[in-house]
1. State the number of residues belonging to the stretch 55-76 that are of a type in the set (G, A, S) and either in contact with an Asp or Glu (Cβ under 7 Å, 6 or more places away or on another chain) or modelled with pLDDT of 90 or more (or both).
2. Is it true that some residue in the stretch 284-296 is surrounded by fewer than 22 Cβ atoms within 10 Å (Cβ to Cβ) and not aliphatic (A, V, I, L, M)?
3. Could you grab the pairs with beta carbons closer than 7 Å, sequence gap of 6+ or different chains, first residue in the stretch 147-170 and closer than 20 Å to E204 by Cβ, second one β-branched (V, I, T) and surrounded by 14 or more Cβ atoms within 10 Å (Cβ to Cβ)?
4. Just checking, which of T166, T92 is at pLDDT 95 or above, crowded, with 22+ Cβ neighbours inside 10 Å and hydroxyl-bearing (S, T, Y)?
5. Could you tell me whether G275 is over 23 Å from R212 (Cβ atoms), surrounded by 23 or more Cβ atoms within 10 Å (Cβ to Cβ) and within 21 Å of the chain's Cα centre (by Cα)?
6. Scan the stretch 248-294 residue by residue and report those that are touching a residue at least 40 places away in the same chain (Cβ under 8 Å), acidic (D, E) and either not in a helix (DSSP H, G or I) or not assigned by TED's automatic domain parsing to the domain that holds E204 (or both).
7. For the stretch 111-169, enumerate the residues that are within 26 Å of A294 (Cβ to Cβ), polar (S, T, N, Q) and not in a helix (DSSP H, G or I).
8. I'm told V244 meets every condition in (1) surrounded by 19 or more Cβ atoms within 10 Å (Cβ to Cβ); (2) at pLDDT 95 or above; (3) more than 9 Å from the chain's Cα centre (by Cα); (4) not in a strand (DSSP E or B) except one. Can you identify the failing condition by its number?
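The values are calculated or read from the model by the stated rules, or taken from the named source; none is laboratory data. Keep in mind that this is a model prediction, so the values were computed, not measured. Backbone-built Cβ (ideal geometry, glycine too); neighbour counts: all protein chains shown.
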Amino acid sequence: MNSQAGRNSSSYDNRRVADLIGRLLPGIVVADLEPVERSTDRSPSVYKATLGNGKVCAVKLASDSLPASLARNAIATEAATLRGLSYLGCNTPRVVAFDASLGALATDWLEGPTLERRLSTEGPDGVDVENVMREFLAIEVGVDSARKRISRSRNESAWKSLVRETENVFEFVKSAARAMAVDSGRSPSAAEDAAADLQRQVTEGVWTIGSRDYNASNVLLSPDGPYFVDFSAIGADWPERRMVGYLIATGAGRKSGNFVTTLDERAARIYEHLGAAVWDGHAAGALLDAHFLAAILYSIERLARALRSLEEPESRTLLEAWSNSDQRLLRLHDLARVRLFANPTADRLRSALG
């Protein structure tokens, strides 16, 4: 984790957080407190706390943007998930203490940059993508095991909700595909049909229960290997969509930021091999390719819509996070033509884009 003293935090905030830590860890004095650097301009919710006994912890506070009951539930969910994953030997932070009523969770502090920072500043060459994928799949299996304890009706409800969400995502994907086809002199209807085929391929894939906050800022590259953090939101999703989300740095909040990814043909072959050991008969490599293309087209459409509606608050927020929009669009258009794995469905869409 990376920290920076003073940014986005007043001395009053630090006193308030120190008081919460004192109640979370009775009898322990806070010697130093720093907000953890994030990739956006949101107020910090995670702090690096150096305690009087020399121990260093990461302290997470419940989000102010959620109703109090939901925020407390998120802290309890994260604590339970981390404890279960630690028991299974997964690379996740060890829980030191938590108190849902306080809305606070303390874990061991992990040294090392986030994957977001490493990719944004040094590029993909220094990232061991196979280790990241191995840890990801171990966590997927660990969290998804809870699905066995969920009733059939709740499982069906989770799946239906995920399918509806995927339909919404693909409305953006189809819109981007049509626009790119028109720009290249191709048929927009053929591009939309190809995008619909990609949606069917995605929807027929395996789904799992796991983290719903999957981004490169939530992977820490510690000396002991990659660690995954932030399990406050757990729900249904496609594992390849999570994998793509973890392995693309967005450069959010950086003036010259852009999209950088470790995903290439080699990475997809590794994922195909590792996925076969987890899901028998699951086309992991092809689905990784499908979700990668979908994520890129979705991002193109999000950015294009923001640029068309500059007066909207959501547009301004996105453009502040994703500055350097012209270069970003060029980069995304290049990535839309990157083929990760043999996947005729995705290949048809790429061909239709021109």
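1. Within the stretch 55-76, the subset of a type in the set (G, A, S) is 58, 62-63, 65, 68-69, 71, 74, 76.
Those still in the list that are either in contact with an Asp or Glu (Cβ under 7 Å, 6 or more places away or on another chain) or modelled with pLDDT of 90 or more (or both) too: 58, 76.
Final tally of qualifying residues: 2.
2. For the stretch 284-296, residues surrounded by fewer than 22 Cβ atoms within 10 Å (Cβ to Cβ) and not aliphatic (A, V, I, L, M): absent.
3. Listed pairs, sorted by first residue: R147/I209; V163/T203; T166/V202; T166/T203.
4. Values: T166 fails: crowded, with 22+ Cβ neighbours inside 10 Å.
The conditions single out T92.
5. Numbers: over 23 Å from R212 (Cβ atoms): no; surrounded by 23 or more Cβ atoms within 10 Å (Cβ to Cβ): yes; within 21 Å of the chain's Cα centre (by Cα): yes.
Answer is no for this residue.
6. Passing the criteria: only D264.
7. Answer for the stretch 111-169, where residues must be within 26 Å of A294 (Cβ to Cβ), polar (S, T, N, Q) and not in a helix (DSSP H, G or I): just T114.
8. (3)
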